[in-house]
Amino acid sequence: MTQIQKIPELLHQALGSFNRFESCALLDYPNYLNIGDHLIWIGAILYLKNIANIDIKYTASIHDFSEKLMETSIGDSPIIFTGGGNLGDIWPAYQKFRERIICRYKDREIIILPQSIYFDSKENLRKTANIFNSHPKLTLFTRDDYSYSIALEAFKNCQILKAPDMAFQIGSIPRLCLNNYSKNTVLYHCREDAEFNSNFSPDAIKVPNLVVEDWISFNWVLGSPKSEWMQSIAQLIREVWQRGLKTPNEWISRQLWQHSHPYIAQFNSVYNSKLHRRSWDFIYSGIYQFSQYRVIITNRLHGHILCTILGIPHVLLPNSYYKNESFYETWTSALPFCRFVKEPAQVNSAVQEVLELFPQNQ
C-alpha cells in the first residue's frame, strides 16, 4: 500500500470512533471561492454518507444558518462542523459562529471534523477553552501533531482525536489530459492573505518560467451571501461568461465531469443538494488549473493535498504559522513526489529534484 493509499485508511480509523447515529446537521458550508474548503466539504459529505451511513438532514453556511430550520430538520441529532484551518483567531467570524452553536446546543453531541488550531492570543485561546470545556459531549478532531498537542492541553473536558484532512475521502482522481498542458512552466500557487509567509514572496522564488496565481476560482464573482438577488446576478456572470464563453475548452470538459461522475448522484439525497454539486463543480476547476503544469510550488495546504491526490510533483512552502509544516510532518513527509522547504533559496533545487525523480511528468 502506497503512502497516498494509507492516508484515507488512517482517516477512517480515526473517524471510526464516532458514536453511531442515524442523522446529523453539517454546518459551516464554505460559501466562498476557496477551492480547498470545498475539497474538505465534499470529503465530509462522502464520508458521512458512504462510510458512516449517516443521513445529512441539514446543511448551512454561517450566513444562512437557521436555528428553527435545523431543529425542525434534525430533532436532537448531533451537529457536525466541517474541518479546515479556521479554529482560532485568524478567521474570527467562523470561530464565533462555532462557539455560538456550542454554547446554544449543550443537549446533544457536537463533533468538529479535522482542524488545524492557531491562536495568536493566549486570552482568546482561554476564552475558547472555557466554551469548549463547558460542553458535555464535544469531540474535536485535529489534523496535525501540533494542533493535537494544543487541544490536549487546552480542551481537557473534550474528546480529542487526530485525523488527516477530510479531503482525502474524495479518493483517487485522475489528472486531466489537456491539449494546453504547459511542459516548460512551473506554477507558484500562492496565497497572499492572512496566512501568507512574506519570506516566500514571488520575487524571492528564483525559478525559471514561473507562473504565479492563487486558486483560479478567486477570479470569479460570487455575490453577497446576504442577498439572493446579488447571488443570482453573480451566478449569471460567473457561469455564463467567466466559466462559459470565456473558457470554452474547460466548459466542455467540465460538463462531462458534472454529469457523468458517479459522485453527482450521491449528492441528490443530501439536504440542499445544489450546494454540494456546486462545490464539486468548483473542485473541477482546481483540478483543471493544476493539470496544466509539470510541477507546482504551493503555500496552500490544499494545494499540497490536491497535488497529492492527483500525483503531481510539487514543493510545499510554509504558511504564516506551523500549519503546513506540521501537517506535512504528521501525514505526508513520506511522499516521494513532494518536498517541504523552509528557505526561499531551497525552492529551485527542490523543484529540480522532483522533476529529475519524476521525468514522466514532463
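The values are calculated or read from the model by the stated rules, or taken from the named source; none is laboratory data. Model, not experiment: these values are computed from the prediction. All Cβ positions, even for glycine, are placed from backbone atoms using ideal geometry, and neighbour counts span all protein chains on display.
Overview of values
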read-out	value
Tally, over region 131-147, of residues that are surrounded by 19 or more Cβ atoms within 10 Å (Cβ to Cβ), more than 15 Å from the chain's Cα centre (by Cα) and among the acidic types (Asp, Glu)	0
Residues being β-branched (Val, Ile, Thr) and closer than 18 Å to Leu301 by Cα - total across region 104-153	2
Residue within region 210-217 that is in a helix (DSSP H, G or I) and not basic (Lys, Arg) present	yes
Subset of region 334-362 [in contact with a helix residue (DSSP H, G or I) (Cβ under 9 Å, 6 or more places away or on another chain) and of a type in the set (Gly, Ala, Ser)]	Ala334, Ala345
Criterion violated by Tyr284 - all others in (1) aromatic (Phe, Trp, Tyr); (2) without any contact (Cβ under 8 Å) to a residue 60 or more places away in the chain; (3) under 26 Å from Ile74 (Cβ atoms) satisfied	(3)
Where Ile112 falls short, out of the listed (1) within 18 Å of the chain's Cα centre (by Cα); (2) over 20 Å from Ala151 (Cα atoms); (3) of a type in the set (A, V, I, L, M)	(2)
Some residue of region 109-116 being touching a strand residue (DSSP E or B) at 6+ places or on another chain (Cβ under 8 Å), among the hydroxyl-bearing types (Ser, Thr, Tyr) and farther than 16 Å from Ile160 by Cα	no
Single unsatisfied condition, Thr128 versus (1) in contact with a strand residue (DSSP E or B) (Cβ under 7 Å, 6 or more places away or on another chain); (2) crowded, with 17+ Cβ neighbours inside 10 Å	(1)
Exclusive hit being of a type outside the set (Ser, Thr, Tyr), surrounded by fewer than 16 Cβ atoms within 10 Å (Cβ to Cβ), in a helix (DSSP H, G or I) and touching a Gly at 6+ places or on another chain (Cβ under 9 Å), set Ile252, Ile233, Ile305, Ile309	Ile233
Ile62 surrounded by 15 or more Cβ atoms within 10 Å (Cβ to Cβ) and either touching a Cys at 6+ places or on another chain (Cβ under 6 Å) or over 25 Å from Asp107 (Cβ atoms) (or both)	no
Region 236-277, subset without any contact (Cβ under 8 Å) to a residue 24 or more places away in the chain and basic (Lys, Arg), residue nearest to Leu33 (Cα to Cα)	Arg238
Residue that is out of contact with any strand residue (DSSP E or B) (no Cβ under 6 Å at 6 or more places or on another chain), touching a residue at least 24 places away in the same chain (Cβ under 8 Å) and surrounded by fewer than 19 Cβ atoms within 10 Å (Cβ to Cβ), where the choices are Ser320, Ser333	Ser320
In region 211-230, residue surrounded by the fewest Cβ atoms within 10 Å (Cβ to Cβ) [restricted to those that are without any contact (Cβ under 8 Å) to a residue 40 or more places away in the chain and among the hydrophobic types (A, V, I, L, M, F, W, C)]	Trp229
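Rundown of residues vs (1) hydroxyl-bearing (Ser, Thr, Tyr); (2) farther than 24 Å from Ile205 by Cα; (3) at pLDDT below 95; (4) within 18 Å of the chain's Cα centre (by Cα), yes/no style:
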position	(1), (2), (3), (4)
Asn268	no, yes, yes, no
Tyr293	yes, no, yes, no
His304	no, no, no, yes
Leu317	no, no, no, yes
Tyr328	yes, no, no, yes
Trp331	no, yes, no, yes
Lys342	no, no, no, no
Val347	no, no, no, no
Glu353	no, no, no, no
